Amino acid sequence: MSTALVVIDMLEDFLSPSGNLYIGPEAGRVIPAVAVELERARAEGWPVIFVCDSHREGDPEFAMWPDHCLCGSQGAAVIPALAPRPGEPVIAKRRYSAFFGTDLDLTLRERGVEEVVLVGVCTNICVLYTAADARMLNYSVTVVAPATASFDRAAHDFALQQMETVLGCQVRR
């Protein structure tokens with residue numbers, strides 16, 4: 001089975017203390033964990049795909065959340081410690097799911113991918129909804145729990161439980 005690593009929203013606005021939607025101290029834990037998964041995937045020769053929030057001014061999402069990850073802003077950039085390598089796709093998204101309104105599905109299918117390994121933030125938002133859509137599209141899904149994080153530990157734990165027991169994802173702890 002062909003596998004790809006999908007890196008979700010490892011962006012300045014979520015992971016930098018000066019970011020507009022900083023997730024807090026969990027950022028310090030999740031960054032090195034995602035780096036380990038990147039190293040593993042690259043060593044295995046898996047496709048690595050970055051999916052990144054990239055909102056326009058006045059995005060309807062800003063009714064719920066502060067303005068964040070505006071197209072072309074520093075806040076929408078992947079943090080330098082996890083920078084994509086040449087040839088690794090960076091797909092912009094405007095909604096929670098990395099599949100909604102993007103070409104992620106096409107990108108994966110062109111590479112013959114049948115399983116996605118998900119890492120990134122926020123577990124209970126973009127990771128959860130990406131996992132749900134991946135399952136609806138018949139991908140096998142593995143979520144690397146130590147390489148995910150959120151603002152709220154209880155919401156993080158609940159999302160992992162839902163992905164495992166409701167969506168049928170493998171959750172690697």
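The values are calculated or read from the model by the stated rules, or taken from the named source; none is laboratory data. Everything quoted here is computed from the prediction, not taken from an experiment. So basically every Cβ, Gly included, is an ideal-geometry build from the backbone, and we count neighbours across all protein chains shown.
All but one of (1) touching a Ser or Thr at 6+ places or on another chain (Cβ under 8 Å); (2) farther than 19 Å from Ala132 by Cα; (3) modelled with pLDDT of 95 or more hold for Phe99, so report the exception by its number.
(2)
Based on what the data block shows, is Asp133 surrounded by 15 or more Cβ atoms within 10 Å (Cβ to Cβ) and assigned to a helix (DSSP H, G or I)?
yes
Among the residues that make up segment 110-124, is at least one of them small (Gly, Ala, Ser), closer than 27 Å to Gly24 by Cα, touching a Ser or Thr at 6+ places or on another chain (Cβ under 8 Å) and without any contact (Cβ under 8 Å) to a residue 40 or more places away in the chain?
No: zero hits.
Can you list residue pairs whose Cβ atoms sit under 7 Å apart, with the first residue in segment 160-173 being basic (Lys, Arg) and the second being in a loop (DSSP other than H, G, I, E, B) and modelled with pLDDT of 95 or more? Count only pairs 6 or more apart in sequence or on different chains.
Pairs found: none.
Among the residues of segment 44-65, what is the count of those that are under 26 Å from Pro89 (Cα atoms) and small (Gly, Ala, Ser)?
Looking only at that region, the number is 2.
Sort out which residues of segment 45-65 are touching a residue at least 12 places away in the same chain (Cβ under 8 Å) and hydrophobic (A, V, I, L, M, F, W, C), and write them in order of number.
Across segment 45-65, the qualifying residues are Trp46, Val48, Ile49, Phe50, Val51, Cys52, Trp65.
Considering each residue of segment 133-148, count those that are over 13 Å from Val7 (Cβ atoms) and in contact with a strand residue (DSSP E or B) (Cβ under 9 Å, 6 or more places away or on another chain), and give that number.
8
Which numbered condition trips up Val113, out of (1) in a helix (DSSP H, G or I); (2) crowded, with 16+ Cβ neighbours inside 10 Å?
So the condition that Val113 fails would be (1).
Any chance segment 119-128 includes a residue that's surrounded by fewer than 22 Cβ atoms within 10 Å (Cβ to Cβ) and over 15 Å from the mean Cα position of the chain (by Cα)?
No.
Among what's in segment 63-87 and is part of a helix (DSSP H, G or I) and among the aliphatic types (A, V, I, L, M), pick the residue that is surrounded by the fewest Cβ atoms within 10 Å (Cβ to Cβ).
Ala63
Please verify whether Ile23 is assigned to a loop (DSSP other than H, G, I, E, B), in contact with a strand residue (DSSP E or B) (Cβ under 8 Å, 6 or more places away or on another chain) and at pLDDT 95 or above, treating the condition exactly as stated.
Judged against the criteria, Ile23 is a match.
Pairs only if they're at least six apart or on different chains, beta carbon under 9 angstrom, first in segment 81-106 and in contact (Cβ under 8 Å) with a residue 60 or more places away in the chain, second basic (Lys, Arg); list them, first residue then second.
Leu104/Lys93
Quick check on segment 27-62: of everything there that is over 17 Å from Ala83 (Cβ atoms), surrounded by 13 or more Cβ atoms within 10 Å (Cβ to Cβ) and acidic (Asp, Glu), which residue is nearest to the chain's Cα centre (by Cα)?
Glu61
Could you figure out which of (1) free of Cβ contacts under 8 Å to residues at least 12 places away in the same chain; (2) of a type outside the set (A, V, I, L, M, F, W, C); (3) touching a Gly at 6+ places or on another chain (Cβ under 9 Å) isn't true of His68?
(1)
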